[in-house]
Amino acid sequence: MKVLHVLNELKPSGAETMLCIAGSTFASNGITAEVLSTGQEIGNYAPNLESTGYTLKHIPFVQTPLFFLRLYRLMQQGKYDVIHLHTERANFWIGLVALSARPKRVLRTIHSNFCFGGHLRIRRMLQRRFLEFLGVTHVAISTSVQQNELKTFGLKTRYVPNWYEDTRFTPATVAERRQARADFGIPPDRTVIITVGNCSEIKNHESLLHALAMLPLENRPIYLHVGNENVAKSERKLAVELGLENSVRFLGPLTDIRPALVSADIFVMPSLYEGFGIAAIEGLAMGLPAIFTDAPGLRDFRAEYDGLVYADPDASSLHDALLVLLLETKETRLQRSENYQDISKQLYSVRNGVSGYLKIYSDD
């Protein structure tokens, strides 16, 4: 079976990461896969996908008939069995082109909670429903996304959850943790919290920084910040203003985040919303107790993982949530998360995700 995945610029985000993780699993199930980047640049994650076995194509998006003509020729000449769309931008028009190329199946995965309003909501609703009428299968990556699509656009979706690299993100050994902490220069007795995500407003790290500043010094943990900073480095400046320069370590976009997770005691994701939160599952699968905001894409985990601590997306509530875990003994905290690895693997393994898509690909 030959599949074309259509994405924007290839970056280390959800869709690209999952395709990379699952490349060999798709291949072992008889899938020959190609990836089309429609970004102005092909994207810095292209080598990762290519090294995993994907054949890459690049047609930069422009709002002209020429772009759609080039797209049609690629899709028609490629003789794809399945065209799998991952974009929100121009998804309606790209969907029509994909249908005109007459593959056996066209599907689109919706990777986030799109809360459009006004005329844009109505336009996107009509577009989604028309593509559905023409035979495009829409897939949601989480129950939050599935509920949002139904509520906002009246669209019924199939559900295939995101997955994580379940053979890599597993609880650390004592020796591994000791070495990771030594590498980061973290004392054995210090409590460490970690976030994984860039410095966009959606990630809401500023509220977490304010929450840390509210903690008394004797309870203040080291905060490992993994992810790209914005151009202005606003979060770094805020940390200095709040007197947290000795507590927060900005590690940047690490190629391998596992050592940082190994060093941590508590995983925190204070986002305003998520589509799913692959980083959250990676932290949970590592056996870390966690604090999440009660937000779309994160509240879904409440029914699956006992012992999660939830907060509102503001500094005061995050402060209270931090105190809940910081005042517990290490042993009590670990009791919260002792079965998180098993739950993660059962619900969000690569095998489960690939099986879900293979079923849709093969549906008559």
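Please treat every number below as a calculation from the coordinates, not as lab data. All values reported here derive from a predicted model rather than from experimental measurement. Virtual Cβ from ideal backbone geometry, glycine too; neighbours counted across all protein chains shown.
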Worksheet item: Working out 0.36 nm times the residue gap between ASP342 and ASP183, then minus their Cα-Cα distance, what length gain in nm do you get to one decimal?
Response: 54.4 nm
Worksheet, complete the sentence: In whole angstrom, the spacing between the Cα centers of the range 285-364 and the range 185-236 equals 19 Å
Practice prompt. Would you calculate, for the chain, the mean residue ellipticity at 222 nm contributed by helices, counting each DSSP H stretch of 4 or more residues as -39,500 (n - 2.57) and dividing by all residues, to the nearest 500?
Written response: -12500 deg cm²/dmol
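Summing +1 for each Lys or Arg and -1 for each Asp or Glu, what net charge is found among the other residues whose Cβ lies under 11 Å from the Cβ of THR170? Could you put the intermediate results ahead of the total?
Values: positive: ARG168, ARG258, LYS345; negative: GLU165, ASP166, GLU176, GLU282, ASP342.
Summing Lys and Arg as +1 and Asp and Glu as -1 gives -2.
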Practice prompt. Find how much the distance from HIS58 to PHE116 grows on full extension, using 0.36 nm per residue of separation minus their present alpha carbon separation; answer in nm with one decimal.
Written response: 18.0 nm
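For the residues LEU308, LEU215, LEU126, what sequence is obtained by ranking on other C-beta atoms within 10 Å, fewest first?
Numbers: LEU308 21, LEU215 16, LEU126 13.
Exposure proxy ranking, most exposed first: LEU126, LEU215, LEU308.
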Worksheet item: Using a Gaussian network model of the chain with C-alpha springs under 10 Å, which one of ASN48, ASN162, ASN230 is most mobile by mean-square fluctuation?
Response: ASN230
Worksheet item: Nearest 0.05, what FRET efficiency do ARG302 and LEU327 give at R0 = 25 Å with Cβ-Cβ as r?
Response: 0.70
Worksheet item: What distance in nm separates the simple spin-label points at THR170 and SER362, each placed 7 Å from Cα in the Cβ direction?
Response: 2.8 nm
Practice prompt. For the chain, go through all pairs of different Cα atoms, get the mean of 1/r, take its inverse, and jot down that Kirkwood value in Å.
Written response: 21.7 Å
Worksheet item: For THR55, THR293, THR137, THR64, what's the fewest-to-most ordering of other Cβ within 10 Å of each Cβ?
Response: THR64, THR55, THR137, THR293
Fill in: Proxy reagent accessibility, fewest Cβ within 10 Å first, across PHE301, PHE292
PHE301, PHE292
Worksheet item: Mind checking which lysines have their C-alpha under 19 Å from LYS104, skipping anything on the same chain fewer than 8 residues away?
Response: LYS2, LYS79, LYS359
Response to the item:
the chain, Gaussian network, Cα under 10 Å: of ASP312, ASP256, ASP81, the residue fluctuating most is ASP256
Worksheet item: Quick one: if you stick a label point 7 Å off each Cα along the C-beta vector at LEU334 and GLU241, how many nm between them?
Response: 4.0 nm
Practice prompt. Pick out which of GLY135, GLY353, GLY118 has the largest mean-square fluctuation in a Gaussian network model of the chain, springs linking Cα atoms closer than 10 Å.
Written response: GLY118
Worksheet item: Which stretch or stretches of the range 321-364 have amide N atoms under 19 Å from the point lying 7 Å from ASN29's Cα along the Cα→Cβ direction?
Response: 344-364
